[in-house]
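Please read the structure below before turning to the comments.
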Amino acid sequence: MDKYEILRKIQSEVEGMVQPKECAFLYDCALQCSQGVIVEIGSAQGLSTISMAMASKMGKKVKVYAVDPHNGGGATPDPGWWDMNDPGTPDPKYYINQGVSFTRFWANVQKFGVDDIIKPIINYSEIAIKEYPGEPIELLFIDGDHRFNYVRLDLELWSPFMLPGSIVAMHDSTYPGVRKAINEILPKLNFHNFVEEPVFHATKGQN
């Protein structure tokens, strides 16, 4: 199968909010990875995860670390998670239900035969970082909680592992919290060459 046949099959069998053009972009980025791993923040049922892993398997077979609490919902379960204008403040008392929806994700991963490429970390990003083995990152895809303080945390926690010339890709860049992080945090972390389509992405500069 060629790239488009692979992506159509994934889109038809795995539910998710990442659009076909976005999956194709992530596939192309993952295919080029050769010197570092891929890290995804927010995996849900595995649509984007599997797209990147399939590309990696066609390329240099770099690992895909899939970070998600699999808490049965789409965000950290605090009372304001649905309010995109709320900056959000991580609070340990809301770190609950890890792993309750992992079964569906892993079944999808196994269906596409990429369980040897994908390395799940079943936790919230700011806790998962403590379990991460510290491998250099060549592609970072952020699609977790979209409120500013969470996006900022994702960028600040994971970007130190990124190689010069690596790519950070950010989903739903029109959301207020994501856009605020793009405008205020990315420049401070030495990212440049900002591009908006089909997923907002930027390149890590020389350290």
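By count of other Cβ within 10 Å, fewest leading, how are GLU13, GLU5 ordered? List each step's numbers first, then the result.
On the way: GLU13 14, GLU5 9.
Listing GLU13, GLU5 from fewest to most nearby Cβ atoms yields GLU5, GLU13.
Nothing charged except the Cβ atoms of Lys and Arg (+1) and of Asp and Glu (-1): what's the magnitude of the dipole of the chain about its Cα centre? Round to the nearest 20 debye. The partial results should precede the final answer.
On the way: 19 positive and 26 negative charges, 87 e Å.
For the chain, the charge dipole is close to 420 debye.
Modelled label-to-label distance, SER34 and LYS188, 7 Å Cα→beta-carbon offset: nm?
If labels sit at SER34 and LYS188, their model points lie 3.6 nm apart.
Count the DSSP beta bridges whose two residues both fall in region 3-204, then state the antiparallel fraction as a percent rounded to the nearest 5. Don't skip to the end; give the middle numbers.
Working: 7 of 25 bridges.
Within region 3-204, antiparallel bridges account for around 30 percent of the total.
Within region 139-206, list the GluC sites (Glu not before Pro) lying in a DSSP loop whose Cβ has at most 12 other Cβ atoms in a 10 Å radius.
Numbers: sites: GLU156, GLU184, GLU196; in loops: GLU196.
Loop-located and lightly packed - GLU196.
Which value in deg cm²/dmol, rounded to the nearest 500, describes the helix-derived mean residue ellipticity at 222 nm for the chain, given -39,500 (n - 2.57) per DSSP H run of n ≥ 4 and division by the residue count? Numbers along the way, then the final one.
Numbers: 7 runs with 70 residues, N = 207.
Estimated from H runs of four or more residues: -10000 deg cm²/dmol.
Sort LYS3, LYS61, LYS204, LYS130 so that the residue with the fewest other Cβ atoms within 10 Å of its own Cβ comes first and the one with the most comes last. Write down the numbers at each step before the final one.
Numbers: LYS3 16, LYS61 12, LYS204 22, LYS130 9.
In order of increasing Cβ crowding within 10 Å: LYS130, LYS61, LYS3, LYS204.
If you bin every alpha carbon distance in the chain into 5 Å steps from zero, what whole percent lands in each bin?
Over the chain, the share of Cα pairs per 5 Å bin runs 1, 8, 17, 21, 22, 17, 10, 3, 0, 0 percent.
Test of understanding: ordering SER12, SER43 by Cβ neighbours within 10 Å, fewest first, what list do you get?
Values: SER12 7, SER43 29.
Arranged by neighbour count, lowest to highest, SER12, SER43 become SER12, SER43.
Run the simple label-point estimate for ILE127 and THR89 please: 7 Å along Cα→C-beta, distance reported in nm.
Spacing of the two 7 Å Cα→Cβ label points: 2.0 nm.
Every number in this text was worked out from the coordinates using simple rules, so none of it is lab data. No experiment lies behind these values; they were computed from the predicted model shown. All Cβ positions, even for glycine, are placed from backbone atoms using ideal geometry, and neighbour counts span all protein chains on display.
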